[in-house]
Amino acid sequence: STTYRILVLPGDHVGPEVMTEALKVLDVVEECQPGLRFERDSDLVGGCSIDAHGVPVTDAVLEKAAKSDAVLFGSVGGPEWTNAHPNPESGLLQLRQRLDAFANLRPCEVFIPSLVDASPIKADLVLGTKFVVVRENCGGAYFGQKVEEPDIASDLWVYTKREVERCCRVSAAVARMLGRNGDGQGGGGPAIVWSADKANVLASGRLWRKVTQNIFDEEFPDIELRHQLADSMAMLMVKNPRGFNGVVHTDNTFGDILSDISGGITGTLGILPSASISGIPGEGRCNGIYEPVHGSAPDISGKGIVNPVAQILSLAMMLRYSFHLTREAAAIEDAVTRILNSKEAGGMDIRTADMGGKASTTEIGDAICDALRTILKT
Ligand code: NAD
Ligand code: IPM
Ligand code: MN
């Protein structure tokens with residue numbers, strides 16, 4: 001049997017609530033596939049680590065993360081730690097940097113009826129939206145030199161050619177996997193790659209555009225590459241979300257913002273997963289941090305109503321990208337789709353409040369586990 005070693009970092013507020021459900025789903029995978037073992041170690045990150053150790057992530061946890069096969073991450077932060085230096089969020093940034101998890105894949109998909117209901121955008125516009133934001137994750141304004149004084153502060157927004165190049169190779173690989181028709185099997189040839197930058201204002205944006213164009217010309221001439229200014233992309237994404245079907249290839253800051261727009265398109269952040277990976281998808285096993293797009297949602301934590309789907313789909317991404325367990329990943333995604341659509345299929349409404357339903361976090365997790373058991377046993 002194969003053993004995978006996972007470091008579980010639930011974090012703060014809703015982080016532990018959604019993590020409990022994702023680990024239940026992992027239990028079902030183990031139960032149905034006796035050849036697979038997932039060894040789990042769990043530790044503190046974020047505000048809870050500040051409370052226990054005075055820092056948002058300890059060196060020991062960073063080392064454990066680097067030595068594990070993958071990291072399953074919840075969410076960090078909250079009003080309790082507003083004045084903490086360093087803050088909970090910097091624990092996540094240190095983790096991304098330590099693992100060199102330079103590409104953050106953030107898929108946004110609207111095809112299931114229940115999502116069309118949740119979206120604030122008209123059904124005929126939003127139906128069929130399917131893009132993956134590939135966000136550069138270890139550079140840009142997040143990691144440049146910082147100055148922080150009482151009356152002046154700055155963040156150096158810096159990119160090197162090498163950083164842009166390796167992100168391009170991930171975007172190209174995702175475009176091939178996704179396919180022009182979005183089937184995830186490369187159907188219709190590679191998907192379009194939309195590169196978002198501010199080449200009209202930022203020097204780093206001009207480098208981004210030039211290096212991206214060169215890499216696609218030289219290495220991926222069969223992939224259609226289009227450039228779009230990030231501000232107008234934000235507008236068009238809301239006006240016509242299907243217009244960017246394919247891969248949205250972008251830097252750290254723009255990727256953060258554009259992937260939250262995804263949550264506006266779907267109507268909730270509660271279903272959006274992400275994978276921060278340290279290699280080219282499909283090319284061997286690589287470590288990664290699997291984390292929802294959403295944060296610790298302190299406004300709804302502790303009530304048992306948070307949507308666990310983003311965390312569960314992040315688990316599926318872990319199985320797919322770090323472990324190449326494609327069948328198991330697809331089975332989890334199918335189970336989620338089935339549960340969220342159970343009302344449309346004539347069953348009960350099993351959705352949390354963010355999607356317009358009344359179900360609790362646990363009810364959704366249990367229902368997904370049951371559906372997964374059925375799928376994996378047939
Ligand atoms: P947020 O993503 O936590 O919440 C935004 C809104 O979406 C809130 O109304 C929240 O209730 C709702 N929401 C988010 N996830 C949900 C879910 N799974 N189910 C139902 N509703 C959900 O963003 P915020 O409020 O701006 O940030 C809160 C804290 O989280 C901050 O400290 C922030 O820095 C941190 N944060 C952490 C991460 C991370 O750990 N990966 C990501 C983003 C924000
Ligand atoms: C995200 C979050 C993080 C980011 C924060 C918490 C560091 O907003 O994962 O989108 O800005 O990358
Ligand atoms: Mn964000």
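Going by what's in this entry, would D334 be described as within 16 Å of ligand 2 (Cβ to nearest atom), out of contact with any Leu (no Cβ under 6 Å at 6 or more places or on another chain) and not hydrophobic (A, V, I, L, M, F, W, C)? Answer is no for this residue.
For region 234-247, does any single residue satisfy the condition of being of a type in the set (D, E, K, R) and either within 22 Å of S204 (Cβ to Cβ) or within 16 Å of ligand 3 (Cβ to nearest atom) (or both)? For region 234-247, residues of a type in the set (D, E, K, R) and either within 22 Å of S204 (Cβ to Cβ) or within 16 Å of ligand 3 (Cβ to nearest atom) (or both): absent.
Does I257 qualify as being more than 24 Å from R40 (Cα to Cα), within 15 Å of ligand 3 (Cβ to nearest atom) and hydrophobic (A, V, I, L, M, F, W, C)? Walk me through how you get there before you give the answer.
Details: more than 24 Å from R40 (Cα to Cα): yes; within 15 Å of ligand 3 (Cβ to nearest atom): yes; hydrophobic (A, V, I, L, M, F, W, C): yes.
It is true that I257 is more than 24 Å from R40 (Cα to Cα), within 15 Å of ligand 3 (Cβ to nearest atom) and hydrophobic (A, V, I, L, M, F, W, C).
Could you list all residues from region 57-74 that are within 21 Å of the chain's Cα centre (by Cα) and either part of a loop (DSSP other than H, G, I, E, B) or among the acidic types (D, E) (or both)? If the condition is that a residue be within 21 Å of the chain's Cα centre (by Cα) and either part of a loop (DSSP other than H, G, I, E, B) or among the acidic types (D, E) (or both), then V57, S68, D69 are the ones that fit. With respect to (1) under 19 Å from the mean Cα position of the chain (by Cα); (2) assigned by TED's automatic domain parsing to the domain that holds V248; (3) of a type outside the set (A, V, I, L, M, F, W, C); (4) over 23 Å from A316 (Cα atoms), the lone exception for T129 is condition (4).
Within region 284-301, is there a residue that is more than 16 Å from ligand 3 (Cβ to nearest atom), buried (at least 24 other Cβ atoms within 10 Å of the Cβ) and aliphatic (A, V, I, L, M)? No, there is no match, as no residue in region 284-301 is more than 16 Å from ligand 3 (Cβ to nearest atom), buried (at least 24 other Cβ atoms within 10 Å of the Cβ) and aliphatic (A, V, I, L, M). When the residues of region 1-56 are filtered to those that are of a type in the set (V, I, T) and assigned to a loop (DSSP other than H, G, I, E, B), the one that is farthest from ligand 1 (Cβ to nearest atom) is V55.
This table checks each residue for (1) surrounded by 19 or more Cβ atoms within 10 Å (Cβ to Cβ); (2) basic (K, R).
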position	(1), (2)
P120	no, no
V126	yes, no
C138	yes, no
E148	no, no
K161	no, yes
G182	yes, no
G188	no, no
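Tally up the residues in region 206-228 that are farther than 16 Å from A191 by Cα and free of Cβ contacts under 8 Å to residues at least 12 places away in the same chain, please. The total comes to 4. Any residue in region 188-208 that is of a type in the set (D, E) and within 20 Å of Q97 (Cβ to Cβ)? Looking for residues that are of a type in the set (D, E) and within 20 Å of Q97 (Cβ to Cβ), one finds none in region 188-208, hence no. When D231, D299, D260 are checked against the criterion of being within 16 Å of ligand 2 (Cβ to nearest atom) and closer than 22 Å to W208 by Cα, a single residue qualifies: D260. With respect to the conditions (1) within 15 Å of the chain's Cα centre (by Cα); (2) hydrophobic (A, V, I, L, M, F, W, C); (3) more than 19 Å from D117 (Cα to Cα), V309 falls short on a single one, namely (3). Only one entry of L258, L225 meets the criterion of being assigned by TED's automatic domain parsing to the domain that holds N137 and over 21 Å from the mean Cα position of the chain (by Cα), and that entry is L225.
Within region 323-334, which residues are over 13 Å from L26 (Cβ atoms) and out of contact with any helix residue (DSSP H, G or I) (no Cβ under 7 Å at 6 or more places or on another chain)? Lay out the reasoning, then the answer.
Initial filter on region 323-334 (over 13 Å from L26 (Cβ atoms)): 324, 326-327, 330, 333-334.
Matches in region 323-334: H324, R327, A330.
Residues in region 247-260 that are within 13 Å of ligand 1 (Cβ to nearest atom) and either at positive phi or surrounded by fewer than 23 Cβ atoms within 10 Å (Cβ to Cβ) (or both): 3 in all.
Among the residues making up region 214-245, those that are assigned to a helix (DSSP H, G or I) and either within 16 Å of ligand 1 (Cβ to nearest atom) or polar (S, T, N, Q) (or both) are N214, S232.
The values are calculated or read from the model by the stated rules, or taken from the named source; none is laboratory data. Everything numeric here is computed off the predicted structure, so don't read it as measured data. We place every Cβ from the backbone using ideal geometry, glycine too, and count neighbours over all the protein chains shown.
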